[in-house]
Amino acid sequence: MRKLTILGATGSIGSSTLAVAAQNPQLFEVVALAAGTNSQKMLELCRVWKPKYAAMASQQAAKELSALLKQHEISTQVLAGEAGLCQVAALDEVDTVMAAIVGAAGLLPTMAGVKAGKRILLANKEALVMSGQMFIDACEQYGAELLPVDSEHNAIFQCLPADIQRAMGRCDLEEYGISKILLTGSGGPFRYTELSELTSVTPQMAIAHPNWSMGPKISVDSATMMNKGLEYIEARWLFNASREQLQVIIHPQSVIHSMVQYKDGSVLAQMGLPDMQTPIACAMSYPNRVDAGVAPLDFSNIGEFTFLPPDYSRYPCLKLAIDACYDGQAATTALNAANEIAVSAFLNNEIGFTDIAVINEQILNSADMTTPVDLESVIELDMRARVLTHNIIRKVA
Ligand code: NAD
Ligand code: MG
């Protein structure tokens, strides 16, 4: 029986995780749930799952949840603030932490799970993008087991030898005969839109992804392909890959979730319906397989597979992220912070869709790029980049 803490329980990944747990009640026990501010949604989850603990990011939401639980006579213990999120990630009675808070807010709670030596199911790519080698080193130092949940990285993971699977971020791909990791992406909702029309894209249009159903931030990131850029950086760390070993390919059907090319000419691909319950179930039950509650792939219905190289004039954010990856940790931490602020400004109708890339680039050109050496300096740089981004947005708006 795996004992779970789910960080980001009220979100898209959180609910898919609970769906896999519901499908396999004999294998998973939900010990703790954590989320941001939606106390009503958390109450609903507590009614169904009766977790021992529930943590809310804000004191206000924790207070609301306590009152609601009392009203419904549910004995779940409520924890509050970042300390509460970190506490549920490190509980002695938990062995597995689903890290699915969105954005930089997930870094410290996820690291709390790492430092407690848990099995970490990593959906929160921003945490790894922000901290890179520090995250990988901490996993080794504290004996945490890192398993990728992001569908592409989970696909790659499934196509790799077991030795590499058991030492994420620390293996030499070449030693195992691997020549390339092929990171696929759908190209998002605007892959065929006239470039001149991108300036008039609204938040509603951007979050309507053709193949995947996801939270608002990652949906906008998929439309700009910043998501693929963040995933490129994520892959660089998870698979210890060099520039020559990483390639992005557009595959509009989203059936192949990524591939690994070996030096003998073999290419291994993982396929499935675009449903996060598959990679989540794979990570939750590793090395076993469980029923994810996902329909089988029906090849007679797929038609054809197509592939094309990414066009950086359509996806400037992808180029920014790949460049930042090789500029170093300061650039990726600052870019991640700028992008979070810019995406939220776009979702609030304060800036246009194409402004996101313009603002991200300005931050990369203007932030003080002293390489962060520990988590404190990562967080400090993240904060500085946020302030700078807010200032630029005020000018644009
Ligand atoms: P979402 O917006 O649906 O959910 C986000 C969750 O984080 C919610 O539970 C929310 O309450 C919580 N949260 C937000 N701010 C918080 C804070 N300050 N403190 C604590 N909790 C906070 O997002 P999602 O789509 O589920 O994505 C979650 C993570 O998984 C992201 O990092 C995303 O990149 C990654 N991911 C998502 C998908 C997907 O299909 N949705 C796929 C791959 C990776
Ligand atoms: Mg992905």
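The values are calculated or read from the model by the stated rules, or taken from the named source; none is laboratory data. None of these values were measured; they are calculated from a predicted model. Cβ placement follows ideal geometry from the backbone for every residue including glycine, while neighbour counts extend to all protein chains displayed.
Quick notes on this one:
- Residue check, Glu304 loosely packed, with under 15 Cβ neighbours inside 10 Å, of a type in the set (D, E, K, R) and not in a loop (DSSP other than H, G, I, E, B): no
Okay, residues lined up against (1) farther than 18 Å from Met276 by Cβ; (2) touching a residue at least 24 places away in the same chain (Cβ under 8 Å); (3) surrounded by 22 or more Cβ atoms within 10 Å (Cβ to Cβ); (4) of a type outside the set (D, E, K, R):
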| position | (1), (2), (3), (4) |
| --- | --- |
| Ser179 | yes, yes, no, yes |
| Gly187 | yes, yes, yes, yes |
| Pro203 | yes, yes, no, yes |
| Ala208 | no, no, no, yes |
| Thr224 | yes, yes, yes, yes |
| Arg243 | yes, yes, no, no |
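- Looking across Ser300, Ser266, Ser219, one residue alone is within 14 Å of ligand 1 (Cβ to nearest atom) and among the hydroxyl-bearing types (Ser, Thr, Tyr). It is Ser219.
- Selection from region 150-167 of residues that are more than 16 Å from ligand 2 (Cβ to nearest atom), in a helix (DSSP H, G or I) and not acidic (Asp, Glu): Ala162, Ile164, Gln165
- Test: residue in region 186-197 that is aromatic (Phe, Trp, Tyr), within 16 Å of ligand 2 (Cβ to nearest atom) and not assigned by TED's automatic domain parsing to the domain that holds Gly14: no
- Residue-level analysis places Ser213 among those that are within 13 Å of ligand 1 (Cβ to nearest atom) and modelled with pLDDT under 95.
- Residues that are among the hydrophobic types (A, V, I, L, M, F, W, C) and more than 18 Å from Ala138 (Cβ to Cβ), drawn from region 356-380: Ile356, Ala357, Val358, Ile359, Ile363, Leu364, Ala367, Met369
- Residue among Glu29, Glu73, Glu44, Glu82 that alone is away from ligand 1 (no atom under 11 Å from the Cβ), farther than 26 Å from Ala292 by Cβ and of a type in the set (D, E, K, R): Glu73
- Region 149-170 residues that are outside the structural domain of Leu183 (by TED's automatic domain parsing) and within 17 Å of Gln247 (Cβ to Cβ), paired with ones that are within 13 Å of ligand 1 (Cβ to nearest atom) and among the β-branched types (Val, Ile, Thr) (beta carbon under 6 Å, 6 or more apart): none
- Hey, Val48 among the β-branched types (Val, Ile, Thr) and crowded, with 19+ Cβ neighbours inside 10 Å or not: no
- Hits in region 104-149 (condition: assigned to a helix (DSSP H, G or I), within 16 Å of ligand 2 (Cβ to nearest atom) and touching a Leu at 6+ places or on another chain (Cβ under 6 Å)): Lys125, Ala127, Val129
- Residue match in region 62-78 (condition: part of a strand (DSSP E or B), away from ligand 2 (no atom under 16 Å from the Cβ), free of Cβ contacts under 8 Å to residues at least 60 places away in the same chain and not acidic (Asp, Glu)): yes
- Residue in region 328-346 that is within 22 Å of the chain's Cα centre (by Cα) and farther than 21 Å from Gly106 by Cβ present: yes
- Scanning region 272-279 turns up at least one residue that is assigned by TED's automatic domain parsing to the domain that holds Leu182, out of contact with any helix residue (DSSP H, G or I) (no Cβ under 6 Å at 6 or more places or on another chain), in contact (Cβ under 8 Å) with a residue 60 or more places away in the chain and among the hydroxyl-bearing types (Ser, Thr, Tyr).
- Of the residues making up region 1-23, just one is polar (S, T, N, Q) and surrounded by fewer than 17 Cβ atoms within 10 Å (Cβ to Cβ), namely Gln23.
- Residue in region 58-67 that is touching a Pro at 6+ places or on another chain (Cβ under 8 Å), at pLDDT 95 or above and charged (D, E, K, R) present: no
- Residue satisfying condition, being within 20 Å of His257 (Cβ to Cβ) and away from ligand 1 (no atom under 16 Å from the Cβ), within set Gln165, Gln133: Gln165
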